[in-house]
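The values are calculated or read from the model by the stated rules, or taken from the named source; none is laboratory data. Just so we're clear, the structure is a prediction, and the values are computed from it rather than from any experiment. Cβ sites come from the backbone with ideal geometry, for glycine too, and all protein chains shown count toward neighbours. Areas reflect the complete protein model, heavy atoms only, side chains present, ligands, DNA and RNA absent. Shrake-Rupley method; radii C 1.70, N 1.55, O 1.52, S 1.80 Å.
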Amino acid sequence: MKIIRTKADLRALTESWRRAGETIGVVPTMGALHAGHLSLVERACAENDRVIVTLFVNPKQFNNPEDLAKYPRTEDSDAEKLTPHGADILYVPDGTQMYPEGFATTISVAGVSEGLCGGARPGHFDGVATVVTKLFLQCDADRAYFGEKDYQQLQVVTRLCEDLDLNTEIVGCPTIREEDGLAMSSRNLRLGAGPRKTAPMIAQVLEDAARVIARGGHVEQTIDKAKKALLSAGFDSIDYLELRSVPDLKLMTSADRPSRLFLAAWLDGVRLIDNVFVADLASVGKSKDRPLEPA
Ligand code: AMP
């Protein structure tokens, strides 16, 4: 795997691949790679002739300077972790490659970027939309791979490709979890030993609430109960815990359409997010074997 740092070097490679008729998959990341990222890389390698993993800690998507400063930067070990997985390139642009002096364009997606993390982190999705558009164009990507862990981001990026007629197909991939159910995240590294033991409660509480709601339980009461359980277990605060329809992310008061429960909560000074599928009421109970989570 080659490490490339400039747009010009990247373009020379992508043009040679194009001349050979090869397809290009891209996996955008901010580094500190874990098995969640690597699952996207494996899928990309299975579906494309060439794969570019990008590593760029995008300042435009951080609304909190302290969060940006604390974000782990581990390029060497990231490159090592990627080596056995078959990506062709690790593309590591710096700030001047991405946002040269005079840079003045922002891409802003309405609708799906409002509420949830868009509400809690003003400007976050403008930063995401702007950087991924640049990365797709720089990489000349046929496909780009995103995790369902950041489900709202996946919808924002899907919308923007459709609206801007970009030739990049967005592929959503399932959330990879630790054995105790905690969704893998670079931020988990910042949890102290005690809070790390508390953190898997996020997934448990979400799964339990999803089951209750899918069987007709009262949404508001179920959500209130889940929030109380998290706060009494030691979570500092909850940014949101909401039921939203998929894929359009409308706020729901009952599961009369397929939906997801979305949570962002603070623990030990770390903001953790997760979401789980909630089957719609019409489909639950029709077949005893029907799984709550789609295959
Ligand atoms: P990040 O480096 O956090 O910006 O994430 C890069 C990509 O990896 C995004 O598409 C994330 O949704 C995805 N990702 C992060 N964590 C996971 C996970 N636990 N499972 C699957 N995908 C993930």
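Overview of values
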| item | result |
| --- | --- |
| Sole exception among (1) out of contact with any Lys or Arg (no Cβ under 6 Å at 6 or more places or on another chain); (2) modelled with pLDDT under 95 for VAL270, by number | (1) |
| Segment 149-177, residues that are without any contact (Cβ under 8 Å) to a residue 24 or more places away in the chain and near the ligand (Cβ under 9 Å from one of its atoms) | LEU154 |
| Filter result for ASN167 (among the polar types (S, T, N, Q) and open to solvent by 30 Å² or more (accessible area, probe 1.4 Å)) | yes |
| Some residue of segment 196-209 being closer than 28 Å to ALA32 by Cα and under 17 Å from the mean Cα position of the chain (by Cα) | yes |
| Condition met for LEU38 (within 13 Å of the ligand (Cβ to nearest atom) and either open to solvent by less than 20 Å² (accessible area, probe 1.4 Å) or over 19 Å from ASP150 (Cα atoms) (or both)) | no |
| Condition broken by LEU90, with the remaining ones in (1) part of a helix (DSSP H, G or I); (2) within 16 Å of the ligand (Cβ to nearest atom); (3) over 29 Å from ALA203 (Cβ atoms) satisfied | (1) |
| One residue from LEU191, LEU241 being away from the ligand (no atom under 16 Å from the Cβ), surrounded by 15 or more Cβ atoms within 10 Å (Cβ to Cβ) and closer than 26 Å to PHE146 by Cα | LEU241 |
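Okay, residues lined up against (1) within 17 Å of LEU135 (Cα to Cα); (2) open to solvent by less than 30 Å² (accessible area, probe 1.4 Å); (3) within 16 Å of the ligand (Cβ to nearest atom):
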residue: ASP9; (1), (2), (3): yes, no, no
residue: LEU13; (1), (2), (3): yes, no, no
residue: HIS34; (1), (2), (3): no, no, yes
residue: CYS45; (1), (2), (3): no, no, yes
residue: VAL51; (1), (2), (3): yes, yes, yes
residue: LEU55; (1), (2), (3): yes, yes, yes
